[in-house]
1. So for the chain, averaging the separation of alpha carbon pairs under 8 Å that are six or more residues apart and normalising by length, what relative contact order in percent results?
2. Step through the residues of segment 75-83 one at a time and calculate ³J(HN,Hα) from phi using the Karplus curve (6.51 cos²θ - 1.76 cosθ + 1.60, θ = phi - 60°), rounding each to whole Hz and writing x for Gly and Pro.
3. Can you give the accessible area per residue of the chain, in Å², using a 1.4 Å probe?
4. Do any GluC sites (Glu not before Pro) in segment 34-65 lie in a DSSP loop with no more than 12 other beta carbon atoms within 10 Å, and if so, which?
5. Where the Cα atoms of segment 59-119 are projected onto their three principal axes, how long is each span, largest first, in whole Å?
6. For the chain, give the magnitude of the charge dipole about the Cα centre (Cβ charges: +1 Lys/Arg, -1 Asp/Glu; no others), in debye to the nearest 20.
7. With Rg and the Kirkwood Rh both taken from Cα atoms, where does Rg over Rh land for the chain?
8. May I ask for the angle, rounded to the nearest 10°, between helix 3-12 and the longest principal axis of the chain, with both axes built from Cα atoms and the value confined to 0 to 90°?
Amino acid sequence: MSWFRRMRERMGQSDEERLREETRQWAAEVAGATPIGSCERRSRCRIAGVVRRMTIRPGEESLEALVTDGTGEVVAVWTGRSHIPGVGLGTRVLLEGMVVEEKGRLRVVNPGYEFVGSH
């Protein structure tokens, strides 16, 4: 594909579409990671993604992070925590845990996590 054609395609994309594609490409390169869109429900998955939103639930004493990899989204929930040092918006993480579907959303409760690459 020529440089001009790639540039023209990029200019036709929204910032959101471009970010989704860049995230998808990055996550696909993380060894051992399963795309969120391919995770089987009620099975353990390793997911590489980027934190897009964080919510603290004081009444439930939990921290939630919406993580995306360009193929889907999963909500990581850490119970009994109000923060995790190093986890913030835009952080690239590798999560590992049991993926379940609840109210139409994928969730993983108390996943193992590690930081992957820089953003």
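1. 23
2. Computed from phi, the couplings for segment 75-83 are 9, 8, 10, 10, 7, x, 10, 10, 7 Hz.
3. About 63 Å² of surface per residue is accessible.
4. Glu40, Glu60, Glu61
5. The Cα atoms of segment 59-119 stretch 31, 27, 17 Å along their principal axes.
6. Once rounded to the nearest 20, the dipole reads 200 debye.
7. Over the Cα atoms of the chain, Rg/Rh equals 1.03.
8. 50
The values are calculated or read from the model by the stated rules, or taken from the named source; none is laboratory data. What you are looking at is a predicted structure, and each value in this text was computed from that prediction instead of being measured. FYI the Cβ positions are ideal-geometry reconstructions off the backbone, even for glycines, and counts take in every protein chain you see. For accessibility, only protein heavy atoms count, side chains too; no ligands or nucleic acids. Shrake-Rupley method; radii C 1.70, N 1.55, O 1.52, S 1.80 Å.
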